[in-house]
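Engineer: Provided herewith is a single structure, encoded as structure tokens, for subsequent inquiry.
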Number of protein chains: 2
Amino acid sequence: MIIRGKTEPVFLILTALADEPRHGYGIIQEVRRVTDGRVDLRVGTLYGALDRLAAEGLVEKHGDAVESGRLRRYFRLTETGAQALAAEASRMAADAAVAMERLKKFTAPARSAGLDIAGGLA
Amino acid sequence: MIIRGKTEPVFLILTALADEPRHGYGIIQEVRRVTDGRVDLRVGTLYGALDRLAAEGLVEKHGDAVESGRLRRYFRLTETGAQALAAEASRMAADAAVAMERLKKFTAPARSAGLDIAGGLA
DNA sequence: GCGTAATATCTCGCGGGCCGATATATATCA
DNA sequence: TGATATATATCGGCCCGCGAGATATTACGC
């Protein structure tokens, strides 16, 4: 979403980091989990986004670790990042509410011939 | 939002068309209105997006008109477009709710030098 | 009458960001 | 031995939003 708010991948990365620090691959799994499998974050998207978010000060490195013989690079949300995420979330909720409210007034376009609508939503 | 859901401009265009057909400039004004001036839709964004949305069948032409000596090209939301907007809105509301819920667990990162974490969460 | 702003449409090019592809390396299980 | 999962990283293509510019009419102030 997002003007010049965040894109959905970025929003979800921040969301994944909201409760605790995670490493890259862990973020991917968490995003998949919180979206019920809907969003499969790409690594190319992830690392590019993390670099930008770190440059903006919304996330920061939380140290590297070697666990089970594998390198893990942890990131965590900063205070600024948490505020940005909260602002973005409330804006999205507001936009979504406006859309749903307005959709109540939607009536399906009348098809070519005079045959009509009636059924739109009511 | 938005994977491969709609971007915010696109989402707001659909929202602006939800209650009744509008012409391009009217969409711009309506978007500004529903976002309390936050989003100023650019014409380059608008016409490109309308072309794509029409190609996808989410909006359709509602006829041209000359009013007050000015040409107006009207667009309206299709049934498919209304469904897409509803789906997108509910997805956004869900994502926003998840983010806000998780933010409750957020604790500010322990600051600065050497002093290690410890307080992070526990 | 004249300039400016608002209304209204459209096009083009730049740049940013997502994604697919690719590379590398270790651990686990069949 | 090979496939799959874990884990990191880079690069090029492509889509899309935006800035800038073009065109035209109406409305208002001076």
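The values are calculated or read from the model by the stated rules, or taken from the named source; none is laboratory data. Model, not experiment: these values are computed from the prediction. Counting neighbours? That spans all protein chains shown, and the Cβs are built from the backbone with ideal geometry, glycine included. When the accessible area is computed, the model is the full protein with side chains, heavy atoms only, and any ligands, DNA or RNA have been set aside. Shrake-Rupley method; radii C 1.70, N 1.55, O 1.52, S 1.80 Å.
Engineer: Can you list, shortest first in nanometers, how far B:Thr80 lies from the same residue in the other copies, with each label 7 Å from Cα toward Cβ?
Structural biologist: Copy-to-copy label distances for B:Thr80: 4.4 nm.
Engineer: Shifting gears a bit: Describe numerically, in nm with one decimal, the distance between label points set 7 Å from Cα along Cα→Cβ at A:Arg72 and at B:Thr107.
Structural biologist: 1.8
Engineer: Hey, another quick one. What does the copy distance list look like for B:Arg33, label position 7 Å along Cα→Cβ, in nm and ordered from shortest?
Structural biologist: Relative to the other copies, B:Arg33 has label-point distances of 4.5 nm.
Engineer: Continuing with this model, one more query. Which length gain, in nm to one decimal place, applies between A:Ala55 and A:Arg33 when the Cα-Cα distance is subtracted from 0.36 nm times their residue separation?
Structural biologist: The span from A:Ala55 to A:Arg33 would gain 5.3 nm if fully extended.
Engineer: Provide an ascending nm list, one decimal, of label-point separations from B:Glu60 to the equivalent residue in each further copy; define each label point as 7 Å from Cα along Cα→Cβ.
Structural biologist: 5.5
Engineer: With a 1.4 Å probe on protein heavy atoms only, work out how much accessible surface B and A bury together, total over both chains, in Å² to the nearest 100. Spell out each step's value before the answer.
Structural biologist: On the way: alone 8320 and 8260 Å², together 12850 Å².
Chains B and A together bury roughly 3700 Å² of accessible area.
Engineer: Give me the angle, in degrees from 0 to 90, between the Cα long axis of helix B:79-103 and the longest principal axis of the Cα atoms of chain B, rounded to the nearest 10.
Structural biologist: Roughly 20 degrees, rounded to the nearest 10.
Engineer: In degrees, nearest 10, range 0 to 90: what is the angle between the Cα axis of helix B:8-17 and the longest Cα principal axis of chain B?
Structural biologist: Roughly 40 degrees between the two axes.
Engineer: Per residue, how much accessible area does chain B show when a 1.4 Å probe rolls over the protein heavy atoms, in square angstrom?
Structural biologist: The answer is 53 Å² per residue.
Engineer: Leaving out ligands, DNA and RNA, and with a 1.4 Å probe, what % of the accessible surface on chain A is carbon or sulfur?
Structural biologist: Carbon and sulfur together cover 52 percent of it.
Engineer: For the protein assembly as shown, what is the mean residue ellipticity at 222 nm derived from helices alone (per DSSP H run of n ≥ 4: -39500 (n - 2.57); sum divided by total residues; nearest 500 deg cm²/dmol)? Walk me through the numbers before you get to the answer.
Structural biologist: Values: 8 runs with 119 residues, N = 244.
Mean residue ellipticity at 222 nm (helix-derived): -16000 deg cm²/dmol.
Engineer: Taking only Cα atoms, what is the 0 to 90° angle, nearest 10, from helix A:43-56's long axis to the longest principal axis of chain A?
Structural biologist: Tilt relative to chain A: about 80 degrees.
Engineer: Quick one: which residues, 5+ away or cross-chain, put their amide H under 5 Å from the amide H of B:Val59? H built at 1.01 Å from N.
Structural biologist: Those lying under 5 Å, H to H, from B:Val59 are B:Ala54, B:Thr78.
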